[in-house]
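Peer 1: Below is one structure. I have some questions about it.
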Amino acid sequence: MNARSPRSPVTRAPSPTVVRDDADHLEIITGVLVIGGGPAATWAALNAARTSAGEGLGVTLVDKGYCGASGVAATSGVGHWLTPPGSPLRDETFRIKNATGGGQSDRVWVDAVLDETWAQISTLPAMGWDRVDRNRRQPSLDLTTDNPSGAPYFRGPAPDYLRFLRGQVKKAGVTVLDHSPAVELLVTDNRDAVVGARGLQVRAGRNWTVHAHAVVLATGGTTWRSHSLGGDTNTGDGQLMAAEAGADLAAMEYSNFQGMVPFGTSMDKNGYFIKAEYWTGDGTPIHYDDLHYSRVPLLEHSVKGTVYARFSQFAPAQRATARENMPNFFAVVDKLGINPFTERFPIDWVHEGTVRGTGGVRVDDTTCAVGLPGLYAAGDVAARDRITGAATGAGGPNLSWAVRGCRLAGEQRLRGGGEGGGRGS
Ligand SMILES: Cc1cc2nc3c(=O)[nH]c(=O)nc-3n(C[C@H](O)[C@H](O)[C@H](O)COP(=O)(O)OP(=O)(O)OC[C@H]3O[C@@H](n4cnc5c(N)ncnc54)[C@H](O)[C@@H]3O)c2cc1C
């Protein structure tokens with residue numbers, strides 16, 4: 001049964017102070033500026049609104065696209081890494097991730113992320129989340145073990161979840177500027193703190209400047225415009241802005257992740273490929289141990305010629321559900337006239353960079369601080385090798401890393417309440 005609780009009362013954050021608002025420029029002063037519009041940005045904005053609501057400083061979110069429909073989550077599912085505190089499942093969850101990541105996960109970080117994800121997702125019912133998993137005709141979120149799966153789960157299409165999070169952000173009084181990419185962080189004259197950002201309001205055709213006591217970068221990973229699914233808006237702006245301001249990048253050596261796609265498409269939903277059957281062009285079967293650990297056997301053959309796949313792991317009775325669970329993948333193969341359950345189809349690879357790879361802005365601790373006062377990094381823009389090691393964070397860990405949110409309480413007191421003039425980095 002899905003535990004339902006009454007909706008929590010909404011505390012609205014105060015509005016930021018508008019300094020200038022004319023045809024050429026919007027200039028505001030805010031407590032917390034969140035840059036991005038995906039799960040990391042919306043959760044960070046919600047947490048900031050909750051913690052700064054009483055302090056008169058306000059929270060502002062700027063998104064390059066339309067918050068609630070932008071970023072890679074808009075093409076994905078809501079599969080978070082969900083394990084309750086104290087559960088015996090914790091040891092197993094850690095063991096598996098640590099093994100796939102080459103033994104580089106840090107148990108303290110993994111526990112912190114799992115605790116935080118559990119705490120955040122547990123608040124969804126009180127916020128009004130009551131979606132139903134239409135395929136299974138069950139609640140989409142169930143945090144008990146008293147369900148047919150015997151374990152807590154959260155399922156369904158992420159676009160619904162993003163729309164919901166946008167609604168919560170607006171309800172919490174966050175000022176949202178859509179279609180307003182940030183292009184530069186503002187730093188103090190002696191470059192020892194970040195005090196805001198500058199950008200463009202594309203539709204209004206004007207510039208914006210936001211002075212802020214804390215800036216949360218949540219601009220996603222980057223695929224370096226390989227055109228992999230959902231990655232086109234994520235062009236590495238956050239990583240670049242952070243580096244220009246003086247932050248470090250970490251684990252970039254784990255950012256060469258390649259996703260498998262039906263040949264000639266960008267549909268890199270990797271899930272079903274992990275247990276598929278493969279052949280070379282002349283029909284020789286390709287053997288592999290576990291594609292979670294290594295894709296080298298497939299890549300070796302791919303550099304010599306086209307490799308073919310078939311999703312033979314699904315018995316006929318399972319195929320309808322498999323289709324329903326990944327509708328966008330099947331929209332593409334249907335258009336190509338391929339039945340991936342029964343036919344061998346050619347595959348290719350697309351670069352998924354730091355979306356499924358784990359490099360990014362180095363964070364000092366699990367609170368998202370990057371070691372430069374005033375700057376935080378959340379979600380795919382931040383390096384997350386401490387939880388996933390040298391392996392992809394997709395399939396649960398990445399979204400948990402994103403929703404863990406940044407706890408910024410105390411930031412305003414730390415910074416002494418100054419409004420920060422700031423110059424570009
Ligand atoms: C096909 C696919 C399926 C996936 N499935 C899963 C899954 O089941 N489980 C899982 O854990 N993970 C999954 N992932 C990964 C997961 O979607 C990401 O980890 C998650 O979306 C990261 O959230 P984010 O907010 O950091 O980044 P994003 O969701 O990518 O959001 C980035 C945001 O930043 C904005 N932005 C970019 N540049 C700027 C700028 N200069 N100024 C302002 N805003 C900017 C973008 O518009 C966007 O709103 C999947 C990814 C893909 C591609």
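Peer 1: Going by the structure shown, is Ala212 among the small types (Gly, Ala, Ser), in a strand (DSSP E or B), in contact with a strand residue (DSSP E or B) (Cβ under 8 Å, 6 or more places away or on another chain) and away from the ligand (no atom under 16 Å from the Cβ)?
Peer 2: Answer is no for this residue.
Peer 1: Would you please list the contacts, defined by Cβ atoms under 6 Å and residues six or more apart or on different chains, that run from a residue in the range 68-87 that is touching a residue at least 60 places away in the same chain (Cβ under 8 Å) to a residue that is more than 8 Å from the ligand (Cβ to nearest atom) and assigned to a loop (DSSP other than H, G, I, E, B)?
Peer 2: The qualifying pairs are Val78/Gly156; Leu82/Pro152.
Peer 1: Given the structure, is Val78 surrounded by 20 or more Cβ atoms within 10 Å (Cβ to Cβ), of a type in the set (Val, Ile, Thr) and in contact with a strand residue (DSSP E or B) (Cβ under 9 Å, 6 or more places away or on another chain)?
Peer 2: Criteria met by Val78.
Peer 1: Another question, then. Which of the residues belonging to the range 88-111 are polar (S, T, N, Q) and closer than 29 Å to Asp160 by Cα?
Peer 2: The initial filter retains those residues of the range 88-111 that are polar (S, T, N, Q), namely 93, 98, 100, 104-105.
Answer for the range 88-111, where residues must be polar (S, T, N, Q) and closer than 29 Å to Asp160 by Cα: just Thr93.
Peer 1: Name every residue in the range 393-410 that is assigned to a loop (DSSP other than H, G, I, E, B), open to solvent by 10 Å² or more (accessible area, probe 1.4 Å) and either near the ligand (Cβ under 7 Å from one of its atoms) or modelled with pLDDT of 85 or more (or both), in order of residue number.
Peer 2: Residues satisfying the conditions are Ala394, Gly395.
Peer 1: Of the conditions (1) surrounded by 18 or more Cβ atoms within 10 Å (Cβ to Cβ); (2) touching a Pro at 6+ places or on another chain (Cβ under 8 Å), Thr144 satisfies every one except a single condition; which number is it?
Peer 2: (1)
Peer 1: Follow-up question, since we're still on this one. Just name the residue that is farthest from Arg198 (Cα to Cα) out of those in the range 50-73 that are of a type in the set (A, V, I, L, M) and modelled with pLDDT of 90 or more.
Peer 2: Taking the candidates together, the pick is Ala73.
Peer 1: Still on this structure, I have one more. Of all the residues that make up the range 210-257, how many are among the β-branched types (Val, Ile, Thr) and out of contact with any helix residue (DSSP H, G or I) (no Cβ under 7 Å at 6 or more places or on another chain)?
Peer 2: 4
Peer 1: Which of the residues spanning the range 157-177 are surrounded by fewer than 24 Cβ atoms within 10 Å (Cβ to Cβ) and closer than 12 Å to Val34 by Cα?
Peer 2: Of everything in the range 157-177, those that are surrounded by fewer than 24 Cβ atoms within 10 Å (Cβ to Cβ) and closer than 12 Å to Val34 by Cα turn out to be Thr175, Val176, Leu177.
Peer 1: Suppose we filter the range 324-349 for residues that are away from the ligand (no atom under 16 Å from the Cβ) and either within 22 Å of Pro159 (Cα to Cα) or open to solvent by 20 Å² or more (accessible area, probe 1.4 Å) (or both); how many remain?
Peer 2: Result for the range 324-349: 10.
Peer 1: To continue, here is another question. Just to be sure I understand, how many residues within the range 126-141 are within 21 Å of the chain's Cα centre (by Cα) and either part of a loop (DSSP other than H, G, I, E, B) or buried (at least 20 other Cβ atoms within 10 Å of the Cβ) (or both)?
Peer 2: 4
Peer 1: Here are some conditions: (1) hydrophobic (A, V, I, L, M, F, W, C); (2) open to solvent by less than 40 Å² (accessible area, probe 1.4 Å); (3) touching a residue at least 60 places away in the same chain (Cβ under 8 Å). Ala390 meets all but one. Which one does it not meet?
Peer 2: (2)
Peer 1: Kindly provide the set of residues from the range 183-198 that are more than 16 Å from the ligand (Cβ to nearest atom) and surrounded by 16 or more Cβ atoms within 10 Å (Cβ to Cβ), ordered by number.
Peer 2: Across the range 183-198, the qualifying residues are Val187, Thr188, Ala193, Val195.
Peer 1: Residues in the range 350-387 that are more than 10 Å from the ligand (Cβ to nearest atom), crowded, with 24+ Cβ neighbours inside 10 Å and over 19 Å from Ala247 (Cα atoms): how many?
Peer 2: Selection size over the range 350-387: 3.
Peer 1: Search the range 72-89 for residues being farther than 16 Å from Gly271 by Cα and touching a Lys or Arg at 6+ places or on another chain (Cβ under 9 Å), and hand back the single one that is nearest to the ligand (Cβ to nearest atom).
Peer 2: Filtering the range 72-89 for residues farther than 16 Å from Gly271 by Cα gives 74, 82-89.
Pick out the ones that are also touching a Lys or Arg at 6+ places or on another chain (Cβ under 9 Å) and you get 83-84.
Details: Thr83: 13, Pro84: 17 Å.
Selected residue: Thr83.
Peer 1: While we're on this one: Of all residues being open to solvent by less than 10 Å² (accessible area, probe 1.4 Å) and in a loop (DSSP other than H, G, I, E, B) in the range 252-269, which is nearest to the ligand (Cβ to nearest atom)? Just the residue, please.
Peer 2: Looking at residues that are open to solvent by less than 10 Å² (accessible area, probe 1.4 Å) and in a loop (DSSP other than H, G, I, E, B), I get Asp268.
Peer 1: Here's something else I'd like to know. Checking the conditions here, which among Ser180, Ser149, Ser228 is among the polar types (S, T, N, Q), more than 11 Å from the ligand (Cβ to nearest atom) and either within 15 Å of the chain's Cα centre (by Cα) or not in a helix (DSSP H, G or I) (or both)?
Peer 2: The unique qualifying residue is Ser149.
The values are calculated or read from the model by the stated rules, or taken from the named source; none is laboratory data. This one's a predicted model, so the numbers in the text were calculated from it and none came from an experiment. Reconstructed Cβ throughout: ideal geometry from the backbone, glycine too, with neighbour counts over all protein chains shown. Remember, those area values only see protein heavy atoms, side chains included, never the ligands or the DNA or RNA. Shrake-Rupley method; radii C 1.70, N 1.55, O 1.52, S 1.80 Å.
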